[in-house]
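Heads up: the structure comes next, in structure tokens.
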Amino acid sequence: MANRNLKVIILAAGKGTRMKSELPKVLFQVAGKPMVDYVIDTAESLDPEEIVVIIGSGAELLRNHLKNRNVSFVVQAEQLGTGHAVMQAEECFSDFDGKILILCGDMPLVKKDTIEKFIAKSTDQKVSFISVKVKDPKGYGRVLRSANGSLISIKEEKDASETEKKLDEINTGIYLVDAKILKERLKDISNENAQKEYYLTDIVKKGAEIYLADDETEFIGINDRKALSEASKNIYKEINNSLMLNGVTIIDPSFTYIGGDVKIAKDVTIYPNTYISGKTVIGSDTIIYPGCRIIDSIIEEDCEIKDNSLIENSFVGARSSVGPMAHLRPESRLMGENKIGNFVETKKITFGIGSKASHLTYLGDAEIGSNVNVGCGTITCNYDGISKHKTVIGDDVFVGSDVQFVAPIKIGNGALIAAGSTITKDVPEDSLAITRADQKNIEGFVKKWKEKKLKSKNGEK
Ligand code: UD1
Ligand code: CA
């Protein structure tokens with residue numbers, strides 16, 4: 001049941017000039033996830049009546065990115081400031097009796113708990129906002145208080161005097177305002193300031209309650225790529241800390257990058273320079289060696305993912321070993337107890353229990369049974385230049401080294417494929433298939449050949 005007293009407005013229309021990019025700022029990824037998604041997740045967790053996202057710069061990209069989320073859009077065609085942005089949404093709250101929570105799309109680290117506490121503390125106030133004391137206030141709006149501690153105003157960096165710039169309490173840009181009061185106060189906003197913008201901060205001029213938060217790391221406003229990397233670092237650190245406290249060994253957390261939606265069981269060990277993202281799940285006792293990247297994949301228990309392997313949208317069954325330097329492309333399904341070794345690439349395959357491809361192999365568009373041994377240098381030739389075709393290999397097949405399967409092709413259970421064969425016809429069960437030319441030995445050839453070469457080099461006939 002939605003909270004009928006609350007609507008959320010998320011400001012996400014700004015150009016993000018300081019990012020120096022074509023991409024709208026709020027779509028930049030923080031720890032592997034676009035920053036606006038964090039803010040929407042937080043808004044959703046409050047279960048409000050409506051979430052309104054103000055879009056402008058890169059509006060179509062944002063609309064498309066958010067098309068499956070339960071939000072409404074308001075377009076701010078010209079970005080004339082944060083106050084102007086909220087004015088565009090007036091229709092959404094002019095007849096509304098409850099509270100409006102205003103969040104910024106460029107502040108992804110704010111915790112749900114903090115917002116909940118802020119709302120609980122502010123329900124009896126008409127206008128409140130969150131402030132926080134920071135080590136480096138540069139770039140933020142400063143909170144000016146009178147001697148008795150009550151609010152005078154918020155001063156933007158560009159309008160602040162040298163003394164005001166020294167103040168370390170900043171405006172986080174998070175407000176809770178009575179819908180009716182918001183409508184009135186928006187009328188007071190002018191653009192008479194250094195940036196000629198309509199500042200939302202003007203809504204506090206006629207008085208507001210300040211909620212002083214305590215952890216400045218939550219309130220990084222991401223304006224440039226330095227702040228972007230700092231925010232990512234903070235999130236990764238937090239995720240790693242929580243994983244370690246839940247029984248995951250992370251050899252060096254400052255060089256380990258795990259996304260917020262990844263699930264990792266206890267007694268997993270993760271070496272440095274590893275990126276694990278998306279909806280990845282990793283089972284207990286699995287070891288991820290250095291330099292691996294794992295995206296949207298399931299790795300079951302007791303696996304070893306060896307150095308520098310890339311696994312995308314795949315399934316690795318229990319007790320398997322992958323890598324070093326292996327590439328599981330999307331829809332690779334290793335059913336368990338498998339070995340995928342050095343320089344092996346797979347794509348859209350099922351690989352039955354206990355099957356192995358230990359070296360230098362490409363397996364694509366294939367259904368491979370259990371206990372199959374795929375020799376070094378095997379290739380499924382799945383593409384004829386126009387369409388893709390399937391290779392089907394039964395159980396207990398032994399594939400010698402350097403074999404090409406020209407798909408579509410079927411190999412029966414228990415077959416033996418001789419090394420160096422190019423297989424173009426189906427192979428029945430338990431049969432040997434061999435396509436290479438017979439070997440011929442010419443005795444004494446090398447000696448005679450060398451003598452002839454030497455003579456011709458010395459000009460003799
Ligand atoms: C704003 C606040 C500042 C506060 C800081 C916290 C104002 C005037 N200043 O400054 O007091 O300390 O946030 O991070 O509000 N946006 C629009 N339309 C616009 C302009 C901005 O939607 O016309 C959006 C941006 O996309 C962004 C958010 O509003 O998500 C904040 O805008 P930004 O320009 O980053 O404001 P700051 O200068 O950081
Ligand atoms: Ca900002």
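The values are calculated or read from the model by the stated rules, or taken from the named source; none is laboratory data. Not measured: the values here are computed from a predicted model. Counting neighbours? That spans all protein chains shown, and the Cβs are built from the backbone with ideal geometry, glycine included.
Of the residues examined, Ile181 is one that is more than 27 Å from Ile294 (Cβ to Cβ), part of a helix (DSSP H, G or I) and hydrophobic (A, V, I, L, M, F, W, C).
In the set Asp261, Asp252, which member is of a type in the set (Asp, Glu), under 27 Å from Leu23 (Cα atoms) and outside the structural domain of Ala12 (by TED's automatic domain parsing)?
On the way: Asp252 fails: under 27 Å from Leu23 (Cα atoms).
It is Asp261.
Ile10 meets the conditions (1) part of a helix (DSSP H, G or I); (2) within 14 Å of ligand 1 (Cβ to nearest atom); (3) under 22 Å from the mean Cα position of the chain (by Cα) in every case but one. The failed one is (1).
When residues of region 120-152 are filtered for being small (Gly, Ala, Ser), touching a helix residue (DSSP H, G or I) at 6+ places or on another chain (Cβ under 7 Å) and more than 9 Å from ligand 1 (Cβ to nearest atom), how many remain? Steps first, answer last, please.
Restricting attention to region 120-152, the residues satisfying the condition of being small (Gly, Ala, Ser) are 120, 122, 128, 131, 139, 141, 146-147, 149-150.
With the extra rule that they be touching a helix residue (DSSP H, G or I) at 6+ places or on another chain (Cβ under 7 Å), the set shrinks to 128, 139, 141.
Restricting the remaining residues to those that are more than 9 Å from ligand 1 (Cβ to nearest atom) gives 128.
The number of residues fulfilling the criteria is 1.
Give region 212-234 a look and list any residue that's without any contact (Cβ under 8 Å) to a residue 12 or more places away in the chain, of a type outside the set (Asp, Glu) and more than 12 Å from ligand 1 (Cβ to nearest atom), or say none. Please lay out each step first, then the result.
Taking region 212-234 and keeping what is without any contact (Cβ under 8 Å) to a residue 12 or more places away in the chain, we get 226-227, 229-230, 233.
Retained after the next criterion (residues that are of a type outside the set (Asp, Glu)): 226-227, 229, 233.
If the condition is that a residue be without any contact (Cβ under 8 Å) to a residue 12 or more places away in the chain, of a type outside the set (Asp, Glu) and more than 12 Å from ligand 1 (Cβ to nearest atom), then Lys226, Ser229, Lys233 are the ones that fit.
Need a quick list: strands (runs of 3 or more DSSP E) entirely within region 71-175 having at least 2 residues that are hydrophobic (A, V, I, L, M, F, W, C), within 13 Å of ligand 2 (Cβ to nearest atom) and buried (at least 20 other Cβ atoms within 10 Å of the Cβ).
Details: elements: 72-75, 99-104, 127-133, 142-145, 151-155.
Per the criteria, 99-104.
Which of the residues that make up region 241-270 are farther than 16 Å from Phe315 by Cα and crowded, with 20+ Cβ neighbours inside 10 Å? Scanning region 241-270 gives Leu243, Val248, Ile250, Thr256, Tyr257, Ile258, Gly259, Val268, Ile270. Among residues of region 366-418 being outside any strand (DSSP E or B) and of a type in the set (Ser, Thr, Tyr), the one that is surrounded by the most Cβ atoms within 10 Å (Cβ to Cβ) is Thr378. Restricting attention to region 87-130, the residues being over 30 Å from the mean Cα position of the chain (by Cα) and over 15 Å from Asn3 (Cβ atoms) number 15. The residues on offer are Ser309, Ser277, Ser314, and the sole one that is more than 20 Å from Ile250 (Cβ to Cβ) and touching a strand residue (DSSP E or B) at 6+ places or on another chain (Cβ under 7 Å) is Ser314. Residue count for region 153-163 satisfying the condition of being within 13 Å of ligand 1 (Cβ to nearest atom) and either among the charged types (D, E, K, R) or over 36 Å from the mean Cα position of the chain (by Cα) (or both): 7.
Among the residues that make up region 32-43, is at least one of them away from ligand 1 (no atom under 11 Å from the Cβ) and touching a Gly at 6+ places or on another chain (Cβ under 6 Å)?
Within region 32-43, the subset away from ligand 1 (no atom under 11 Å from the Cβ) is 32-34, 37-38, 40-43.
Next cut, touching a Gly at 6+ places or on another chain (Cβ under 6 Å) only: 32.
Scanning region 32-43, I find at least one residue that is away from ligand 1 (no atom under 11 Å from the Cβ) and touching a Gly at 6+ places or on another chain (Cβ under 6 Å), so the answer is yes.
In this structure, Ser190 does not satisfy being surrounded by fewer than 14 Cβ atoms within 10 Å (Cβ to Cβ) and in a helix (DSSP H, G or I). Taking every residue in region 94-119 that is more than 15 Å from ligand 1 (Cβ to nearest atom) and pairing it with any residue that is among the basic types (Lys, Arg) and not in a strand (DSSP E or B), at least 6 positions away or on another chain, the pairs with Cβ-Cβ distances below 6 Å are Ser94/Lys183.
For Lys206, the stated conditions do not hold, so it cannot be described as within 30 Å of Lys155 (Cβ to Cβ), among the charged types (D, E, K, R) and either part of a helix (DSSP H, G or I) or within 16 Å of ligand 1 (Cβ to nearest atom) (or both).
Looking only at residues of region 21-35 that are without any contact (Cβ under 8 Å) to a residue 40 or more places away in the chain and not in a strand (DSSP E or B), we find that the one that is nearest to the chain's Cα centre (by Cα) is Leu27.
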